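Participant: One structure follows; several queries about it will come next.
The values are calculated or read from the model by the stated rules, or taken from the named source; none is laboratory data. Being a predicted model, the structure only gives us computed values, none of them experimental. Note that each Cβ is placed from the backbone with ideal geometry, even for glycine, and that neighbours are counted across all protein chains shown. Note: accessible area is taken over every heavy atom of the protein model, side chains too, but ligands, DNA and RNA are not part of it. Shrake-Rupley method; radii C 1.70, N 1.55, O 1.52, S 1.80 Å.
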Amino acid sequence: MLKLILSLCLSLFLLWPITSLPARPGTAQEPFRGLSQDKQEEQRQKFKPGKDLLERRAAPFEAETLLDPDWRNKLAPTFAQMPEMKIERRLSRELKG
């Protein structure tokens, strides 16, 4: 369970630069909009370990959806129904660093 959450967070962190691109009004958002084929393939390769883990854990959504720039809106209803996303965890002590 913890691995699923950590992997999801890692996947989201890796995708953050892509998803933070501003959307142009009136255009359909496509995965990897504005990226070259090489960059798209590189992103897919970086995402592969997270995708494999999500598929092994039978996540209730298609892992490829996380590559879409509008993944937050598309997956919000699914995340709201996932018990893993409702758990709040706290560390017992402060981290140093």
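Participant: T65: accessible area at probe 1.4 Å, nearest 10 Å²?
Facilitator: 30 Å²
Participant: I need the calculated FRET efficiency for the pair T78 and Q37, taking r as the beta carbon distance and R₀ as 41 Å, to the nearest 0.05. Provide the component values of the computation, followed by the final result.
Facilitator: Numbers: r = 29 Å, r/R0 = 0.71.
Calculated transfer efficiency: 0.90.
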